Amino acid sequence: MRKKMLTIVGARPQIIKAAAVSRVVTNEFSDSLEEVIIHTGQHYDHGMSQLFFDEMEIPAPSKNLHIGSADRASQLASMIAGLSEVIKETKPDVVLLYGDTNSTLAGALAASSAGVKIAHVEAGLRSFNKAMPEENNRILTDHLSTWLFAPTSQAIHNLAVEGIKNDAQFAPSPDHPAVAHCGDVMFDNAIYFKGKTPTHEVQNVIQAAPFMLATIHRDHNTDDISTLRRLIESLIQVGVETGHRIILPLHPRTKARLNFDTASALFKSPEIKLMDPLSYFDMLALLQHASLVLTDSGGLQKESFFFKRPCVILRPQTEWVELVENGNAIVCGSDKELIVQSAKKMIASENLSWPNFYGDGKASHFICEKILATV
Ligand code: UD1
C-alpha cells in the first residue's frame, strides 16, 4: 500500500522548496508515495504564492486554510487548529515540513499533537538569535521531528550540540530521531530550472548591466523605520560608489512600510529600480548576471553562492556560516558604512572559491528514499 505524506506549505520559500521534493515524488516515487499538499495561506498574494505553483508545476494544494496575516500568536493558533483538522481527515503516515516559518512550527505542533511523525527539511540551521521568530520556529520543529534532513555539516553539528545525534543505522523512532546530511533541495531546484527564460522586463535589466540584486523583508529590518531608511540609504550609496543599478524586488511587508513613511522619497533615486516580487525564473536569471547580492533572505544568500555571486548579508548573523567562513559573504547587519565598504570589497575580490557545500542536486531523491525506507 502507498504511504501517505502530508506536505505543509504556507510561505514563498516553502513553496519553492516543496517544488523540488514534489517533482521527485511525482516522477520517481508515485507508486509507493502519495503526497497531499496543504497551504496554510500565510502568503496569499498571487506573486508570493500561486505564481510558483504555476511556474514550477507544483501539484495544486488539496486545501488552502486562508489564514493570512495576523500577529504571530494568532496566526500560529489559527494554523494549528486548521492543520489539526486536516491531519484528522487525511490520516497521513508522515507530515513533511520545510524551513522555519510560522507555517512550519504550526505544522509541527499539529502533527505531534496528533501523534504523526514529522520529517523536517532544512533541519539544524541556527542563527543563535532567539529574537527572530524563525530561530524559535526551527529549534522547536527540530525537537519535535522524527526525520531531520540537514543541508550542511554545520547543521549536523548544531543538532548534535542540542543532543540530536546522527544515527548510522538511520532507524528512527519517537525516542530516537534520525538525522541525515542530505544537501539542499534549493540547490536541486537551481540546477533544474537555471536555463529557464525570464520575462522581458528582466531580460531588459540584464541587458542594461551592471547591476546588483537586493532584497529586504525581515521584520527587524522593516518594522523599525530608522533601520529601513538606513538600509535604503546604504543601497543608494552602494549604487553611487560602484556605478551599479540596484534591483530591488519589494516584499509586500516592505512595500507596506514604505507607503506610510518618508522613506518612500528615497526611492526616487536613479540608482534603485523597484520591482514587484519576482517569479523564481526571473530571480534565477538575475542571480546569474548580478555583480553582487545584498539580502536579508536566508534562501538568497545560498542561491547567490550557487551561481558564484558574492553576497552582503543585511542581518546581524546568518545560519549559513560556511559562506562567511569561506569569504563568499560578509555579515553587515544594517551598518551603512560596513555595507558600502563590503559591497566594494566583494565586487573587487578575484580569488573567491566556491566549494561544494550544498550537495549534488539530488537531496530531494535522498529525502523521499529515506522516508519511504523507514516510515
Ligand atoms: C515569512 C517567514 C520568513 C521567510 C519569509 C519569506 C515567518 C515567521 N517568517 O516572513 O522566514 O523568509 O516569509 O517571504 O514565518 N504580506 C502580504 N502579502 C503576502 C504575504 C505577506 O501583504 O502574500 C505581508 C503582510 O502584510 C504581513 C507580512 O507581509 O504583514 C507577512 O508577514 P509573515 O507572514 O511573517 O511573512 P514574511 O515576513 O514574509
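The values are calculated or read from the model by the stated rules, or taken from the named source; none is laboratory data. Fair warning: this is a prediction, and the values are worked out from it, not measured in the lab. Ideal geometry is used to build each Cβ from the backbone, glycine not excepted, and the neighbour counts take in all protein chains shown. The area values use the complete protein model at the heavy-atom level, side chains included, leaving out ligands, DNA and RNA. Shrake-Rupley method; radii C 1.70, N 1.55, O 1.52, S 1.80 Å.
Structure above, values below:
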read-out: Neighbour cut-off at most 14 other Cβ (10 Å), DSSP loop, trypsin sites (Lys or Arg not before Pro), the range 133-209; value: K165, K194, K196
read-out: Under 13 Å from K344, Cα to Cα: aspartates and glutamates that are on another chain or at least 8 residues apart; value: E241
read-out: For A290, net neighbour charge (Lys/Arg +1, Asp/Glu -1) across residues whose Cβ lies under 13 Å away; value: +2
read-out: Solvent-accessible heavy-atom area per residue, rounded to whole Å², over the chain at 1.4 Å; value: 40
read-out: Computed [θ] at 222 nm, helices only, for the chain once each DSSP H run of length n ≥ 4 contributes -39500 (n - 2.57); value: -14000 deg cm²/dmol
read-out: Gyration tensor (alpha-carbon) shape descriptor, the range 14-103, a/c threshold 1.5; value: oblate
read-out: The chain - percent of accessible surface contributed by carbon and sulfur, probe 1.4 Å; value: 51
read-out: Partners for K165 among aspartates and glutamates (Cα-Cα distance below 17 Å; same-chain residues under 8 apart left out); value: E122, D142, D175
read-out: Dipole axis of the chain (+1 Lys, Arg; -1 Asp, Glu on Cβ), positive-most option in N189, G327, M212; value: M212
read-out: Subset of K273/K302; K88/K255; K4/K196 violating a 29 Å alpha-carbon distance limit; value: K88/K255; K4/K196
read-out: Distance between modelled label sites at N129 and A209, nm, 7 Å Cα→Cβ extension; value: 3.1
read-out: Semi-axis lengths (Å, descending) of the ellipsoid that matches the C-alpha gyration tensor of the range 79-147; value: 21, 12, 8
